[in-house]
């Protein structure tokens, strides 16, 4: 079974809060999380925040409850697009995820043709559940938008993520699978929305750099480390090797 | 070769299939509050859950019967019992409950099972000597 992933943790400059959110996610059972950086293209002169190197956050990543491996942290960029480009986004943009904004009632209904085109290309639709926790009006919009999305896409290619800013806004993976039932997904689809579909999104993002999955690039730093190790060998050991 | 005088009796068996023996589902939950020193009584917790159900599902949903079987005030953990038809409603109401008396809180559902006995053990916390 694929692991549980939460692909939307809002980036905050407060390092401690980010650390506590990731620790809570590990404790709840998520094996992978992604930190989300949002860019709004309509605002002029906005600098794209540089994604922080993941290793700067923790010295040792917290262990995922129930498994012996530490949690894996990814980075993700979100670009806010204007309304008329919705149709274009589904068909042509080279993206992995299309976020369904839940902060306002959608003025348009999802049309079947761009949604099906997006599904064929392997693009996923994302629904975020934290607004539903904060505010009751948001809750209505989230559920309304989710249900209308499910009617057009029939439950395929959907992922559910949190948009957590604080550690108390995260929920466990089985709780989210249950929320999927509320949104109109079937039971199997609900569980897939946080496990297999998220993993598919991750792979889709990785293979974008690789020309349809054929070419794979890797950082080459092996010769340097070998040389450094040779230097660090203490003189007494080196002497032993030579004599033998 | 069969002997003519011995008649074969057809083998009889009776098969009982229980689709779902348990009428209830039990959930072990724990409440995590932002203000770590605050505590609730059992009645306050039940009131909180009922208000969460009512916010999400209205008066009809808020009237759905469920029981708080055990509640430990020091650790804020408890066991809830609900009819099978109400499990999804109760679980989603607990998930979407965000605040208690203007403070952030969240319910962590540790175990869900149709049988009460399974809530007593957790294979992840087994200690093998």
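Descriptive notes on the structure:
- Test: residue B:69 is modelled with pLDDT of 85 or more and either loosely packed, with under 12 Cβ neighbours inside 10 Å or more than 14 Å from chain A (Cβ to nearest Cβ) (or both): yes
- Answer residue from region A:5-36, given it is assigned to a loop (DSSP other than H, G, I, E, B) and over 16 Å from the mean Cα position of the chain (by Cα) and is nearest to the other protein chains (Cβ to nearest Cβ) among those: A:14
- When the residues of region A:169-178 are filtered to those that are under 17 Å from residue A:7 (Cα atoms) and part of a helix (DSSP H, G or I), the one that is nearest to the other protein chains (Cβ to nearest Cβ) is A:175.
- Residue in region A:200-223 that is modelled with pLDDT under 85, in contact with a strand residue (DSSP E or B) (Cβ under 8 Å, 6 or more places away or on another chain) and within 14 Å of another protein chain (Cβ to nearest Cβ) present: no
- Positions within region A:179-197 being in contact with a strand residue (DSSP E or B) (Cβ under 9 Å, 6 or more places away or on another chain) and in a helix (DSSP H, G or I), in sequence order: A:179, A:180, A:183, A:189, A:190, A:192, A:193, A:194, A:197
- Subset of region B:90-124 that is in a helix (DSSP H, G or I) and within 8 Å of another protein chain (Cβ to nearest Cβ) - its residue that is nearest to residue B:45 (Cα to Cα): B:94
- Single residue of region A:141-163 satisfying the filter (part of a loop (DSSP other than H, G, I, E, B) and buried (at least 18 other Cβ atoms within 10 Å of the Cβ)) that is farthest from the other protein chains (Cβ to nearest Cβ): A:157
- Taken as a whole, the structure places residue A:166 among residues that are touching a residue at least 12 places away in the same chain (Cβ under 8 Å), farther than 25 Å from residue B:57 by Cα and within 13 Å of chain B (Cβ to nearest Cβ).
- Qualifying positions in region B:14-61 - in a helix (DSSP H, G or I) and within 14 Å of chain A (Cβ to nearest Cβ): B:51, B:52, B:53, B:54, B:55, B:56, B:57, B:58, B:61
- Matching residues, region B:34-47, being surrounded by fewer than 18 Cβ atoms within 10 Å (Cβ to Cβ) and either at pLDDT below 85 or more than 15 Å from the chain's Cα centre (by Cα) (or both): B:34, B:35, B:36, B:37, B:38, B:39, B:41, B:42, B:43, B:44, B:47
The values are calculated or read from the model by the stated rules, or taken from the named source; none is laboratory data. Keep in mind the model is a prediction, meaning the values are calculated, not measured. No Cβ is skipped: glycine too gets one built from the backbone with ideal geometry, and neighbour counts run over all protein chains shown.
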